[in-house]
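What follows is a set of notes on a single structure, which appears directly below.
Read-outs: derived from the displayed coordinates by stated rules, not from any lab. All figures in this text were calculated on a predicted structure; none of them were measured in a lab. We place every Cβ from the backbone using ideal geometry, glycine too, and count neighbours over all the protein chains shown.
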Amino acid sequence: MNSGTRVRAYERVTRLSGAKLDLPELFAESARLLGTALPHDAACWHTMDPATLIETGAHFENMPRADAHIAQIAYLSEDYNTFVQLAQGRRHSGVLSEETGGQLDRSPRYRELLRPQNLRGELRTAFVVDGACWGCFAFFREAPADFTADERDFAHQLASLLGRAFRAAGMHDRATGAGPALWPGLLLLDGRRRVESVNAPAQRWLEELGFQGAPEHDPLPFALLAVAERVRGSAEEATTRVRGSSGTWIQLHASSASGSGEPGRVAIILQAATPPAIAPLISAAYGFTSRERELIELVLQGSGTAEIAARLFISPHTVQGHLKSIFAKAGVRSRRELVTRVFVQHEASARL
């Protein structure tokens, strides 16, 4: 691949964060831009909750739609180049053959998913910007083709650019109307990853997540599959937040329901996300530092400069410096604008 092609792709990806695309458009445009710069035969793209590193959405190229088995093997098992590893590592991209030392059979993902489809090359990249991961992709090439170290490095260069683009699309995705006023819903999966029961509110929340099939027969939205597998893999509760079709933030909370019965059962509660639940997403989206988040919390409580300085053990001058940085990141000029345009706006959508 000549350098000119990559330079053009890099420049165009750079502009994606300001393109004001919704997530389906961003998936499609990102795939188009990288189709030539990083040629591949198949691919999957995901959005990710930066707080929990759980995949919340998916887009596939020349691949079957993910079901529970694929979610179990491809994304959440202990394997080489997991998206969590790439998100937390110094380098945010990796080639499977390189990580396995050329022994691809060491990877369960390769043995169970890639080899049966005659796929050998795998390049994975996590979209990390300002320390938070907002999405990821996996590109595949049919055997005997593979990806090179040079392509891996180019994908790493794209990681922060794609992170900015997916961060912007995820936080400002276009709403199609008023969100549903629903009670929390409950969905129960059995040990074989099938829907055991689903109540009426959960059915409505599934529709808000774009699901149009029958829960007992059709693959569930990917966010549900992913959060359930996180519980099975860790034996701990797991939660994530995802934007619904109306723009409403939906919180998915999963926990083990096995008890003394069938192992592997998982209960998932679907409900409207509360403002405190989405506050970390808002702060991460604007790239606020941990200190800036502490200061913002006090601003939201109505604290003045002197009180903030005393509470955080810093000088009033330092408070003003932090506020200046916060205003610049959020694109506002005052505390009032910060509260009303940044936080109240998103909290209102969570309460719809």
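Data for the structure
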item: Gain upon complete extension [THR148, THR14; 0.36 nm per residue less C-alpha separation]; result: 46.0 nm
item: Relative contact order computed over region 3-171 (Cα-Cα under 8 Å; 6+ residues apart), in percent; result: 28
item: Highest-MSF residue in the chain out of VAL339, VAL13, VAL242 [GNM, Cα springs under 10 Å]; result: VAL339
item: From the coordinates shown, Kirkwood radius over Cα pairs in Å corresponds to which of [x] 24.0; [y] 21.5; [z] 20.2; result: [y]
item: GLU25/ARG91 FRET efficiency (R0 41 Å; Cβ-Cβ; nearest 0.05); result: 0.90
item: Relative contact order (percent, whole number), the chain, Cα cutoff 8 Å, 6+ residue spacing; result: 16
item: Proximal charge balance of ALA28 [Cβ under 14 Å; K/R count +1, D/E count -1]; result: -2
item: 222 nm mean residue ellipticity, helices alone, for the chain (DSSP H n ≥ 4; -39,500 (n - 2.57); rounded to 500); result: -11500 deg cm²/dmol
item: Net length gained if the chain between HIS317 and GLN212 were fully extended (0.36 nm per residue, minus Cα distance); result: 32.3 nm
item: Residue-wise HN-Hα coupling along region 227-242, computed from phi with Karplus coefficients 6.51, -1.76, 1.60 (Hz; x: Gly, Pro); result: 5, 5, 5, 4, 5, 5, x, 10, 6, 10, 5, 9, 9, 8, 10, 9
item: Sequence of VAL128, VAL332, VAL299 once ranked by neighbouring C-beta atoms within 10 Å, starting from the fewest; result: VAL332, VAL299, VAL128
item: Separation of the GLN157 and THR36 label points, Cα + 7 Å toward Cβ, nm; result: 1.7
